[in-house]
1. Can we say Leu60 is within 16 Å of ligand 2 (Cβ to nearest atom) and either in contact with a helix residue (DSSP H, G or I) (Cβ under 9 Å, 6 or more places away or on another chain) or farther than 15 Å from Cys103 by Cα (or both)?
2. Would you pick out the residues in segment 1-21 that are out of contact with any Cys (no Cβ under 9 Å at 6 or more places or on another chain), touching a residue at least 12 places away in the same chain (Cβ under 8 Å) and not small (Gly, Ala, Ser)?
3. Just a yes or no: is a residue in segment 29-52 in a helix (DSSP H, G or I), touching an Asp or Glu at 6+ places or on another chain (Cβ under 9 Å) and in contact (Cβ under 8 Å) with a residue 60 or more places away in the chain?
4. Quick one: which of Leu64, Leu60, Leu95 is under 17 Å from Cys7 (Cα atoms) and part of a loop (DSSP other than H, G, I, E, B)?
5. Identify the single condition in (1) touching a residue at least 24 places away in the same chain (Cβ under 8 Å); (2) away from ligand 1 (no atom under 14 Å from the Cβ); (3) under 28 Å from Arg107 (Cβ atoms) that Asp24 does not satisfy, given that it satisfies every other one.
6. Would you mention how many residues in segment 6-65 are open to solvent by 50 Å² or more (accessible area, probe 1.4 Å) and closer than 24 Å to Gly76 by Cα?
7. Looking at segment 5-33, which of its residues are β-branched (Val, Ile, Thr) and within 14 Å of ligand 2 (Cβ to nearest atom)?
8. Sort out which residues of segment 66-112 are surrounded by fewer than 20 Cβ atoms within 10 Å (Cβ to Cβ) and touching a helix residue (DSSP H, G or I) at 6+ places or on another chain (Cβ under 8 Å), and write them in order of number.
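The values are calculated or read from the model by the stated rules, or taken from the named source; none is laboratory data. As the structure is a computational prediction, the values presented were derived from the model and not from experiment. Reconstructed Cβ throughout: ideal geometry from the backbone, glycine too, with neighbour counts over all protein chains shown. Just so you know, the surface numbers come from the protein's heavy atoms only, side chains and all, with ligands and any DNA or RNA stripped out. Shrake-Rupley method; radii C 1.70, N 1.55, O 1.52, S 1.80 Å.
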Amino acid sequence: MADCLFCKIARKEIPAKLVFEDEDVVAFEDINPQAPVHVLVVPKRHIPTLNDLTPEDDALVGKLARVSAQLAAERGVAEAGWRSVVNVNREGGQLVFHVHMHCMGGRPMFWPPG
Ligand code: AMP
Ligand code: ZN
């Protein structure tokens with residue numbers, strides 16, 4: 001997708017703080033972090049939303065989850081806990097229409113913290 005922000009980041013046409021890359025997935029620091037750890041895990045292939053997944057994407061979505069967990073572990077938040085979020089469409093709060101899994105942690109992700 002020529003005009004998609006996350007496709008451009010995946011193609012290295014727009015800079016981002018990349019923290020992981022393989023043949024299917026890139027991960028980079030969120031530009032406006034909501035927590036001490038806030039990484040976006042993104043398929044290289046353009047898929048607008050989770051609504052657009054097909055059975056052929058099952059392994060890819062599994063990889064998004066596994067890479068998120070790996071990054072959480074590398075940042076030392078796996079045991080304390082972290083949050084995985086995928087926003088879908090307008091009422092889901094999706095702003096970038098290229099599937100991405102938020103990996104957030106390093107603070108209590110709920111209120112009141114306990
Ligand atoms: P969502 O609301 O789920 O679509 O989340 C989009 C996320 O992308 C937000 O958390 C933004 O802060 C983040 N974001 C937007 N532009 C960039 C960028 N150029 N580099 C890194 N993260 C970005
Ligand atoms: Zn895209």
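1. Numbers: within 16 Å of ligand 2 (Cβ to nearest atom): yes; either in contact with a helix residue (DSSP H, G or I) (Cβ under 9 Å, 6 or more places away or on another chain) or farther than 15 Å from Cys103 by Cα (or both): yes.
Against the criterion (within 16 Å of ligand 2 (Cβ to nearest atom) and either in contact with a helix residue (DSSP H, G or I) (Cβ under 9 Å, 6 or more places away or on another chain) or farther than 15 Å from Cys103 by Cα (or both)), Leu60 qualifies.
2. Hits for segment 1-21 are Cys4, Leu5, Phe6, Cys7, Ile9, Lys17, Val19, Phe20.
3. Pass one, segment 29-52, residues in a helix (DSSP H, G or I): 50-52.
Then keep just the ones that are touching an Asp or Glu at 6+ places or on another chain (Cβ under 9 Å); that gives none.
No, segment 29-52 contains no residue that is in a helix (DSSP H, G or I), touching an Asp or Glu at 6+ places or on another chain (Cβ under 9 Å) and in contact (Cβ under 8 Å) with a residue 60 or more places away in the chain.
4. Working: Leu64 fails: part of a loop (DSSP other than H, G, I, E, B); Leu60 fails: part of a loop (DSSP other than H, G, I, E, B).
So the residue among Leu64, Leu60, Leu95 that is under 17 Å from Cys7 (Cα atoms) and part of a loop (DSSP other than H, G, I, E, B) is Leu95.
5. The number of the failed condition is (3).
6. So the answer is 9.
7. Going residue by residue through segment 5-33, those that are β-branched (Val, Ile, Thr) are 9, 14, 19, 25-26, 31.
If the condition is that a residue be β-branched (Val, Ile, Thr) and within 14 Å of ligand 2 (Cβ to nearest atom), then Ile9, Ile14, Val25, Val26 are the ones that fit.
8. Passing the criteria: Ala78, Ser84, Val86, Val88, Asn89, Val96.
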